[in-house]
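Beneath this line is the structure, given in structure tokens, with notes to follow.
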Amino acid sequence: MKKFVMFLMLVLCGTIASTSFAQRTTTTTSYQNAQARMPQVLVQPLVQPLVVETQVMKDVPNTFTLALTAQKVKDLGDNLESVHNYGVFKFAESTNADMIVGATFDFHTVDGGTGYELVIRGFPAKFTNWHTATKDDYEWMRLTGTDGAGNPVIKSTK
């Protein structure tokens, strides 16, 4: 009886080991984050905020078309926001811009539903005139109502 139980244990262990080795596959995933290139205005409670101006680039196209496979959309998390972020990133990368101002999106299927196309219309822009906030900048922040980052209180230094 002990031999029979031992034999069953060996068969069971061998079966489990062979199926676990057979199920191993290699999967690669690629994702490029686009959040750094989105035109989002957030006021952070900093000691000396950094202020930058933007200049729209007039010599570059303001329309960008990106072809996507169904697998690429799935790799991006299968949600529209991630696809938009990826498209903005690729648009800014193709025009060597820092951000896309006023982006609008047209996302639709192509090739009989096997692929997707994302068309982005917007204005590529570069950051210019970097400087720490001045008294005028602080006043502008106060007048416009600093919404975000926990509604920080900005005090002018006189």
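Please enumerate the residues belonging to the stretch 93-132 that are part of a helix (DSSP H, G or I) and either among the hydroxyl-bearing types (Ser, Thr, Tyr) or closer than 13 Å to residue 53 by Cα (or both). Break it down into steps so the answer makes sense when it comes.
Step one: list which residues in the stretch 93-132 are part of a helix (DSSP H, G or I), which gives 93-95, 111-113.
Scanning the stretch 93-132 gives 94, 95.
Return the pairs, sorted by first residue and then second, in which the second residue is in a helix (DSSP H, G or I) and of a type in the set (S, T, N, Q), the first residue lies in the stretch 59-77 and is closer than 16 Å to residue 93 by Cβ, the beta carbons are less than 7 Å apart, and the residues are 6+ apart or on different chains.
Filtered contacts from the stretch 59-77: 60/95; 64/94; 76/82.
Any idea which of 80, 66, 10 is of a type in the set (A, V, I, L, M, F, W, C), out of contact with any Ser or Thr (no Cβ under 6 Å at 6 or more places or on another chain), at pLDDT 65 or above and surrounded by fewer than 11 Cβ atoms within 10 Å (Cβ to Cβ)? Let's see the steps before the verdict.
Details: 80 fails: surrounded by fewer than 11 Cβ atoms within 10 Å (Cβ to Cβ); 66 fails: surrounded by fewer than 11 Cβ atoms within 10 Å (Cβ to Cβ).
Just a single option satisfies the conditions, and that option is 10.
Within the stretch 86-93, identify whether any single residue is among the aliphatic types (A, V, I, L, M), surrounded by 16 or more Cβ atoms within 10 Å (Cβ to Cβ), at pLDDT 75 or above and within 21 Å of residue 121 (Cα to Cα), and answer yes or no. Walk me through how you get there before you give the answer.
Taking the stretch 86-93 as the starting set, the residues that turn out to be among the aliphatic types (A, V, I, L, M) are 88, 92.
Filter once more, so that each one left must be surrounded by 16 or more Cβ atoms within 10 Å (Cβ to Cβ): 88, 92.
Among the residues that remain, those that are also at pLDDT 75 or above are: 88, 92.
Checking which are within 21 Å of residue 121 (Cα to Cα) leaves us with 88, 92.
Yes: the stretch 86-93 contains one or more residues that are among the aliphatic types (A, V, I, L, M), surrounded by 16 or more Cβ atoms within 10 Å (Cβ to Cβ), at pLDDT 75 or above and within 21 Å of residue 121 (Cα to Cα).
Considering the stretch 52-85 alone, what residues qualify as being in a loop (DSSP other than H, G, I, E, B) and basic (Lys, Arg)? Full working, then the answer.
Within the stretch 52-85, the first condition is being in a loop (DSSP other than H, G, I, E, B), and the residues that meet it are 57-62, 76-79.
Passing the criteria: only 58.
Out of 109, 132, 146, 114, report the one residue that is of a type in the set (S, T, N, Q), surrounded by 13 or more Cβ atoms within 10 Å (Cβ to Cβ) and at pLDDT below 90.
Of the residues listed, the single one that is of a type in the set (S, T, N, Q), surrounded by 13 or more Cβ atoms within 10 Å (Cβ to Cβ) and at pLDDT below 90 is 146.
Return yes when residue 71 is over 14 Å from residue 121 (Cα atoms) and either modelled with pLDDT of 90 or more or touching a strand residue (DSSP E or B) at 6+ places or on another chain (Cβ under 7 Å) (or both) and no when it is not. Before the answer, list the steps.
Details: over 14 Å from residue 121 (Cα atoms): yes; either modelled with pLDDT of 90 or more or touching a strand residue (DSSP E or B) at 6+ places or on another chain (Cβ under 7 Å) (or both): no.
Here the answer is no, as residue 71 does not meet what is asked.
The values are calculated or read from the model by the stated rules, or taken from the named source; none is laboratory data. Predicted model only: the values in this text are computed from it and were never measured. Virtual Cβ from ideal backbone geometry, glycine too; neighbours counted across all protein chains shown.
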